[in-house]
Every structure is written in structure tokens, then in C-alpha cells.
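Everything on this sheet refers to the single structure shown next.
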Amino acid sequence: MSGNRFPTLTHVAVAAVLATVALRALLWPVSPNDFWWHLATGRLIVGTGSIPRVDTFSWTRAGEPFYDQPWLSQTAMYGLHGLGGVPLLIVVFTACLVLAYALLLRLLSLRTARAPLSAAVIFLSLPASASGWTFRPQVFALPLFVAFLFVLSDWRLGLTGRRPALWLLPPLALAWVNLHGSFVLGPALILVFAAGALLERRGEPGSLRRLLGWGAATLAATLINPFGPRAWTFVAGLVVDPAVRSLVAEWRPPDLATAVGALFYAYAALLVAVTVLSRRRPDATDVLTALAFLGLALTAVRHGVWFFLATIPMLAAQASSLPALARARGHGRPGRRSLRAAALALTGLAVTLALPWIKPSLPLPESARPLLAPATPVRAVGVLQRHDEAPSRLFHSEGYGSYLMWAAPERKVFIDVRVQLYPPEQIQDYRNLSAALESERLLDKYGIEGLLLEYRTQTPLARWAIDSPDWEVKWRDSDSAYLIRLPQSGAAPSQESP
């Protein structure tokens with residue numbers, strides 16, 4: 001584009017969307033749940049030179065078989081942490097999100113030839129999809145999913161004017177299967193697009209044969225991992241595991257009564273409304289993709305992000321033919337270049353200031369300034385590590401277990417977020433004890449000697465233990481409490497304050 005036309009509305013719209021993605025990721029503190037156990041496992045893999053096959057982190061399931069599928073993500077996380085700590089990891093995860101949405105925006109722009117409209121459609125989807133941006137191995141998979149979508153859309157529609165790069169799919173699948181369990185969605189997309197092509201009778205038979213040939217190679221690539229076909233059986237077992245689905249909130253279907261569920265259904269309703277009102281008849285492939293990923297998303301909240309990414313191209317294509325928008329074409333006029341240049345500069349400045357090396361020093365709200373979520377028990381675990389007689393059998397929340405695995409690996413955990421490792425009976429006991437139900441019996445059952453409690457999820461037990469003469473408070477702040485069990489009741493409690 002010539003210099004006298006820079007910047008246009010297109011540039012501003014694209015920058016605004018990608019900056020919004022980056023700011024949402026950069027301003028959201030790292031939660032203690034999934035991040036730390038993956039980092040701890042990466043350290044274990046690098047330290048031992050092998051992928052763990054049994055659990056070594058807990059005292060309740062020590063030595064039990066454990067399947068560690070995202071080993072490559074964990075190793076990468078640990079390596080990045082060694083280079084630049086948590087700040088570098090935040091930036092890399094943010095870059096993965098921005099890359100995914102940049103590829104998606106390019107796909108939409110090629111399909112609609114209207115970049116500002118494409119940017120607006122993505123912007124509307126962000127409130128719903130952002131709930132799936134937790135910093136964990138799944139983020140590495142998001143750009144791979146969109147890359148599959150891009151290549152397959154190019155094969156179907158000839159968007160780039162070049163021979164579609166189907167050869168990219170097997171190497172992408174090879175990386176994906178070692179990064180995250182969502183790798184099964186790659187071959188699934190190929191099947192959906194092949195079925196759509198048959199229904200649309202689009203393209204030559206040889207073209208479909210090429211897709212199926214590269215699809216077979218892609219499927220074979222997913223078997224190149226340390227566990228072979230077991231990678232598939234593990235994912236299938238996890239998806240249908242009744243304990244996981246009943247006990248973990250993000251594995252439950254979206255609930256309209258929650259904010260995340262309401263946003264999901266609002267986006268789905270918007271997709272249906274735009275499709276009905278559009279002058280354009282949706283392609284069979286778009287409809288099949290929407291139905292397949294809607295069915296997946298209705299099974300669990302955590303699958304919603306794939307539904308949004310997979311259907312945004314359909315939403316943009318249908319929106320471009322809405323009567324009210326069909327007449328509003330154009331790619332942005334060059335007028336008021338100074339205002340647009342200023343908008344780009346402010347966007348760049350906002351992202352720069354949100355970087356984790358700068359953000360903590362800014363006068364931001366307390367919820368946005370720290371790199372780690374306030375629920376991360378940094379100080380409480382510090383007290384635990386300094387305690388010469390710290391208990392060996394500690395009870396805590398799932399999220400605290402994840403952080404303990406990283407920050408205090410010498411202290412084995414009672415439970416953590418690896419729900420598939422723990423039997424349903426223990427998970428139910430964990431929930432009952434956290435609610436102070438049958439406290440004495442459950443404490444005796446597991447021989448628990450110490451409590452590291454999270455007020456947000458374990459308030460009843462925290463109140464019970466603090467008021468009990470059988471427990472001594474070693475640490476207490478607004479988020480957590482650390483207590484040890486006294487050999488006999490009536491001992492005077494001591495407390496270490498912040």
C-alpha cells in the first residue's frame with residue numbers, strides 16, 4: 001500500500017482487535033490452578049531426562065500410573081521460565097493468542113474481502129472466547145487449530161490463489177499431539193471439510209483424494225508421540241470420565257445462569273440470527289462445522305473456545321451479506337491520517353505498558369497489576385518452607401496443590417488439579433472436608449497433620465480449624481491460612497503475621 005494511504009481504517013481495526021487480545025492476556029494475572037503443575041512437570045522432565053509414568057508429586061497417590069500427554073508444552077514452559085521467568089511465559093502465551101487471532105483475521109479477510117467487518121466480528125466474539133485463554137498448554141494449541149482451519153478453508157475456497165498447503169497438516173499435527181490433548185480436533189476438522197465437500201459437490205474428485213491422502217498422513221502423524229495410540233485412548237477416556245465431568249466445573253455443560261454460559265449462548269444465538277437474516281445461503285461445510293463444534297461445546301465449558309474459533313469464519317461470511325451491511329463496502333479511506341496514526345500509536349503504547357516487566361509499577365487496579373493472582377499462596381508457602389517441623393501430610397485446595405508442586409516440591413500434596421489421577425472417593429472426601437463436613441473423621445482417615453487453606457473455596461474448614469483448640473495457626477492473611485495439628489488440645493496458638 002502506498003505511503004499516502006497509510007494508515008487506513010483497516011490498519012486501525014486490525015490493530016485494535018489484536019491489541020485487545022494482547023491486553024486481555026497481559027492484564028490477567030496467572031491463576032495458580034494449571035500453570036504451576038505443568039511448570040513443575042517440565043522441571044521434572046528436564047531433570048530426569050524422561051517423561052513421568054507414575055505420580056511423584058502426591059502422598060496420596062505416589063507411585064500410581066500417570067499419563068502425562070502435554071510433555072512438550074511442559075518442557076517448553078520450563079525452558080522459557082529458565083530464560084525469563086513468569087514474565088517471559090506470559091509474553092509467549094500472549095504471542096500465541098495474538099498469532100491465533102491474526103491468522104483468523106487473515107482468513108476472515110480473505111473470505112469476505114472486508115477487513116474492518118472481519119475485525120468487528122472477531123471483536124464481538126472476544127468476551128465469550130476469552131474464558132478459554134487460561135495460561136496452560138491449551139494456549140499453544142490455539143494457533144495450530146486456526147492454522148488447520150486456514151489451510152482447509154484455502155483448499156475448499158481457493159482463498160490465496162495458490163495450491164493449498166495441505167502438506168503442512170502432518171507436521172502441525174506432529175507438534176500438536178505432543179503439546180495438548182486437543183490434537184484430535186485436527187483430524188476431526190479434515191473429516192468435517194471432506195464431508196462438506198461431498199455434500200457441496202465442490203471441486204474435482206482428485207482434489208478430495210488429495211485431502212484424504214494428507215488426512216491419512218495427518219492421522220499417522222498423531223501416532224508419533226511417546227505413547228503411540230494411547231494418546232487417543234487417553235483423550236477419549238478423559239472426555240467421558242464421569243468423575244471428571246461431575247466434579248470439575250469446566251468439564252460440565254455451559255450453564256445459562258453463569259456469566260461464561262450466558263456469553264456462550266449469546267454468541268450461539270448471534271450466529272443463528274445472522275445466518276437466518278443474511279442474504280447468503282450458508283455452505284454445507286460451514287453448517288457441518290458449526291453443528292459439530294456446537295455439539296462439542298455443549299458437553300463442556302472448556303470446549304467453547306474451539307466452537308468460537310471454528311464458527312467465526314461462518315459468522316463473518318454471513319454478516320457480510322446482511323442487507324444493512326452489504327451496501328457498506330470499502331476498505332477505509334485515507335482521510336484523517338493523523339487521527340488514525342495517533343490511534344495506532346496509542347494502541348502500541350497500551351500494549352507496551354501492559355508488558356509484565358512494566359505493568360506491576362503502573363497505577364492499575366489491584367486485580368490487574370500483579371503478575372500472579374492474589375489467590376497464589378506465595379507467602380503462606382514461604383512460611384511452610386521455613387517451618388522446621390512442617391507436617392508431611394498436608395491438606396489444601398486443588399489450586400494450592402498445583403503451586404506446592406512447583407514452589408515446594410519437597411512437600412508432597414494431598415490433591416491437585418490432575419483430577420484423572422485421584423479416585424472419586426478421595427475427590428468427594430476433599431470436597432466434604434473443605435466444607436467442614438465430618439472434619440474429624442476425614443482428618444483422621446488420612447492422618448492429616450497440617451492445613452494450607454484457601455478462604456475462597458475452603459472457608460468453612462478454615463473457620464472450624466482456627467476456632468479449634470487442636471490446631472495452631474502459623475500463618476493467616478486475607479487469602480489463606482496455614483495451621484498445624486497439635487499433639488493435644490489446649491495448646492496456646494501462635495501466629496506469624498505478614
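The values are calculated or read from the model by the stated rules, or taken from the named source; none is laboratory data. Owing to the predicted nature of the structure, the values given are computational and were not obtained by experimental measurement. FYI the Cβ positions are ideal-geometry reconstructions off the backbone, even for glycines, and counts take in every protein chain you see. Accessible surface is based on the protein model in full, side chains and every heavy atom, while ligands, DNA and RNA are left aside. Shrake-Rupley method; radii C 1.70, N 1.55, O 1.52, S 1.80 Å.
So the values come out like this:
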item	result
Output for region 265-310, where each listed residue is farther than 30 Å from Ser246 by Cα and either touching a Ser or Thr at 6+ places or on another chain (Cβ under 6 Å) or open to solvent by 40 Å² or more (accessible area, probe 1.4 Å) (or both)	Ala273, Val276, Leu277, Ser278, Arg279, Arg280, Arg281, Pro282, Val287
Which listed residue is open to solvent by less than 50 Å² (accessible area, probe 1.4 Å), modelled with pLDDT of 95 or more and under 23 Å from the mean Cα position of the chain (by Cα), from Leu83, Leu99, Leu89	Leu89
Subset of region 34-56 (residues that are under 24 Å from Tyr430 (Cα atoms), part of a loop (DSSP other than H, G, I, E, B) and in contact with an Asp or Glu (Cβ under 7 Å, 6 or more places away or on another chain))	Asp55
Some residue of region 77-90 being out of contact with any helix residue (DSSP H, G or I) (no Cβ under 6 Å at 6 or more places or on another chain), more than 30 Å from Gly348 (Cα to Cα) and in a helix (DSSP H, G or I)	no
Region 455-478 residues that are more than 16 Å from Pro374 (Cα to Cα) and free of Cβ contacts under 8 Å to residues at least 60 places away in the same chain, paired with ones that are of a type in the set (Ser, Thr, Tyr) and open to solvent by 30 Å² or more (accessible area, probe 1.4 Å) (beta carbon under 7 Å, 6 or more apart)	Ala462/Tyr455; Pro469/Ser489; Asp470/Ser489; Glu472/Ser494
Count of residues meeting criterion [of a type in the set (Lys, Arg) and closer than 26 Å to Met77 by Cβ] in region 135-162	1
Cβ-Cβ under 6 Å pairs, at least 6 apart or on other chains, region 248-263 side at pLDDT below 90, far side of a type outside the set (Asp, Glu) and open to solvent by less than 60 Å² (accessible area, probe 1.4 Å)	Val248/Val419; Glu250/Val301; Glu250/Arg302; Trp251/Val244; Trp251/Ala300
Test: Ile90 is touching a residue at least 40 places away in the same chain (Cβ under 8 Å) and closer than 22 Å to Thr41 by Cα	yes
Top-ranked residue of region 57-74 - restricted to ones that are hydroxyl-bearing (Ser, Thr, Tyr) and either crowded, with 22+ Cβ neighbours inside 10 Å or at pLDDT 95 or above (or both), ranked as farthest from Cys96 (Cα to Cα)	Thr60
Residue in region 311-324 that is of a type in the set (S, T, N, Q), surrounded by 14 or more Cβ atoms within 10 Å (Cβ to Cβ), closer than 30 Å to Leu453 by Cα and at pLDDT 80 or above present	no
Search result, residues across region 362-403 that are at pLDDT below 90, among the hydroxyl-bearing types (Ser, Thr, Tyr) and either more than 28 Å from the chain's Cα centre (by Cα) or more than 23 Å from Leu88 (Cα to Cα) (or both)	Ser392
Which listed residue, of Ala375, Ala368, Ala380, is of a type in the set (Gly, Ala, Ser), open to solvent by less than 20 Å² (accessible area, probe 1.4 Å) and in a loop (DSSP other than H, G, I, E, B)	Ala368
Subset tally (residues that are farther than 19 Å from Thr289 by Cα and either within 31 Å of the chain's Cα centre (by Cα) or not small (Gly, Ala, Ser) (or both)) for region 174-217	15
When residues of region 102-118 are limited to those that are open to solvent by 40 Å² or more (accessible area, probe 1.4 Å) and more than 21 Å from Ala130 (Cα to Cα), the one farthest from the chain's Cα centre (by Cα)	Ala113
Residue ID - farthest from the chain's Cα centre (by Cα), chosen from residues in region 20-52 that are crowded, with 21+ Cβ neighbours inside 10 Å and either among the polar types (S, T, N, Q) or within 30 Å of Ser109 (Cβ to Cβ) (or both)	Thr41
Qualifying residue in region 216-230 (condition: assigned to a helix (DSSP H, G or I), over 22 Å from Trp71 (Cβ atoms) and touching a residue at least 12 places away in the same chain (Cβ under 8 Å))	yes
